[in-house]
Amino acid sequence: MTVLAQGARGARSEDVRRGNLSTLLRYVHVHGPTARSRLTAVLGLNRSTIGDLTGELVAAGLVREEPGRAERVHDRSSSSGGRPSYVVTPESERVQVLAVDVGVTHLTVARIGLGGAVLSRIDRSYRRGARRQRDVTATIGKIGAALLAEVESGAVLIGAGVAVPGMVRRRDGQVRQAPNLGWKDAPVGAELARALGLPVWVGNDADLGIRAEHVRGAAAGVDDAVYLSGHSGIGAGIIAGGLPLGGRAGYAGEVGHTVINPGGLPCHCGSQGCWETECGEERLFELAGRPLGGGLAGVREVAAAAVGGEPVARAAIEHVASWLGRGTANVVNALNPEVVILGGALEEVFGVAGATVLAEFEVTALAAPQEQVRIVTPHLGPDSTLVGAAELAFEALLSEPLLELGRRTAS
Ligand SMILES: [Zn+2]
C-alpha cells in the first residue's frame, strides 16, 4: 500500500478536482445543456460532487444552471415524486474565442462561444493569386477588431484559433510553407497575437477539420479517422488511436504531394504528378474550361453544370472523381481508418460523382482496410475548419478551466 504524506495526498485530491472540472466543462462544451443527473452518470461521480463542481464553474462564469424538467425518480404515483434536475449550460455569450479560417480564395473570421455557437461571422472571397501574408494578417486584424467591438462588457475572450492551408510549426504557429498562398516562414501566430491583443494558436486547415469533426461531427466517437481538406490543394488531418497524428513538428498529412502520376503535371511544390495536380480545384477548372481560382463557389458551379448535362463539366468532374477515388485508396491503405471525410471541394465532387469515386476506390484499395472504412461528407459542412480553429483556441481553457480563465481575466 502506498502511504502518501499529508501534503502529497492534498495535492493529489486537488489534481483530481482540476481533472473533474476539465472533464465536466468539456462535456457540456461538446454536448450542450446537460442535466446534472446525466453528468453524475457520465462522469461516474456522486450528486454532491457534481453539485460542488458545477458550483465552481458557475461561480467562475463558465456555465449556468437552470431548473430542468422534473425527473420522476421516486414514487411514480406521487405528484410531487419528481425532483427537478438542474441543467448545466455553457455560457456561450460570456466565454468566447475568435476563429479564423484562411483560405486561398476565402477568409472567414467568427466569434464562437463556449459550446460551439457561432455568435457572429464575416466572410470574404478572393480570386486566387499571391496574397502577401502581412496584408492578410492586417485584414484579419481589422475584421477581428470589428467583431471584438460587438462583445458585451463582462465577457471573456480566451484567444484566437487560426487555420492555414500549409505546414505549421506546432510550437510557435510559424507557417513554414503554404505553397498555395505563396508563403514561406511566415510568422502568422506572432503577428496576429500583436494585432489582436490575444493569445493565438495556429494550425493546419486539415488538422483542424478533423479536430472539429472528431469532437462534434462525422468522426465523433471514432478513434481512427481522416479528414481530406480540398481547398485548392489537398491535405489530410489524421486521428490515429484516438489522438491527432501530426508527426515530429506538426507537418504530417501532406497527402496532396504524394506522387500519384509519375511523369504527370508539374506541381507548385516543385515535384511532378502530385495527387493534387490531378484532383485539386485548379485541375477541375482547367478541364472544365473555367477561369482558375474560382474557389468553392466555382467548384459548385462546375458541379451544377455537370448535373445539368454540360459534357465538358461532366468530363472534368469524372476525371477528378477517378483520381479522388485512387488517392483516397492510398490514404486508406496507409492508415486503415474507420472513417474518411471528404471536405471542401471534395465534398462537391463526391456529391455529383460519388459512384465514380467509389468505383475507383474499390479497385485500388486493399480488401482488408476497405472492408472497415466509411467514406462520408463532413457533418459541419464547409465550416469544419473554422469550428476546428475555435476548438484549438478553447483547448487551454477546457484543459485547465479555472487556471486559464484566471490568466485571461488578469490580462
Ligand atoms: Zn506537389
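Distance between the pseudo-spin-label points of H31 and A240 (7 Å out from Cα toward the beta carbon): 3.1 nm.
Each Lys and Arg adds +1 at its Cβ and each Asp and Glu adds -1 at its Cβ; summed about the Cα centre, the range 99-183 shows a dipole of about 480 debye. Annotation: amide H-H contacts under 5 Å for Q272 (H modelled 1.01 Å from N, sequence separation of 5 or more, or interchain): C267. Springs between Cα atoms under 10 Å define the GNM used for the chain, and in it the highest mean-square fluctuation of L45, L346, L398 occurs at L45. When DSSP beta bridges are restricted to pairs lying wholly in the chain, around 65% turn out antiparallel. Only helices enter this figure: runs of n ≥ 4 DSSP H residues, each worth -39500 (n - 2.57), summed and divided by the residues of the chain, yield -14500 deg cm²/dmol at 222 nm to the nearest 500. The slack in the chain from T409 to S271, taken as 0.36 nm per residue of separation less the alpha-carbon distance, amounts to 44.8 nm.
Using a Gaussian network model of the chain in which every pair of alpha carbons under 10 angstrom is joined by a spring, one finds that among V28, V259, V363 the greatest mean-square fluctuation is at V363. Length gained on full extension, N261 to R171, computed as 0.36 nm times the residue gap minus the Cα-Cα distance: 29.0 nm.
Taken over the range 200-300, the ratio of Cα radius of gyration to 2.2 N^0.38 Å equals 1.18. Couplings for the range 271-281, taken from phi via the Karplus curve 6.51 cos²θ - 1.76 cosθ + 1.60 with θ = phi - 60°, read 8, 9, x, 5, 3, 6, 6, 9, 9, x, 3 Hz in order; Gly and Pro are left as x. Taken about its Cα centre, the range 101-150 carries a charge dipole of about 280 debye when Lys and Arg each add +1 at the Cβ and Asp and Glu each add -1 at the Cβ.
Once backbone amide H atoms are built at 1.01 Å from N, A252 has G247 as its partners under 5 Å, excluding neighbours fewer than 5 places away on the same chain. Placing unit charges on the Cβ atoms of the charged side chains and taking the dipole of the chain about its Cα centre, the candidate lying farthest along the positive direction among G298, L403, G354 is L403. In the chain, the longest principal axis of the Cα atoms and the axis of helix 6-31 are about 50 degrees apart.
Where a number appears in this text, it was derived from the coordinates with a stated rule and is not lab data. Given the structure is predicted, the values throughout are model-derived calculations rather than measurements. Cβ: placed from backbone, ideal geometry, glycine included. Neighbour counts: every protein chain shown.
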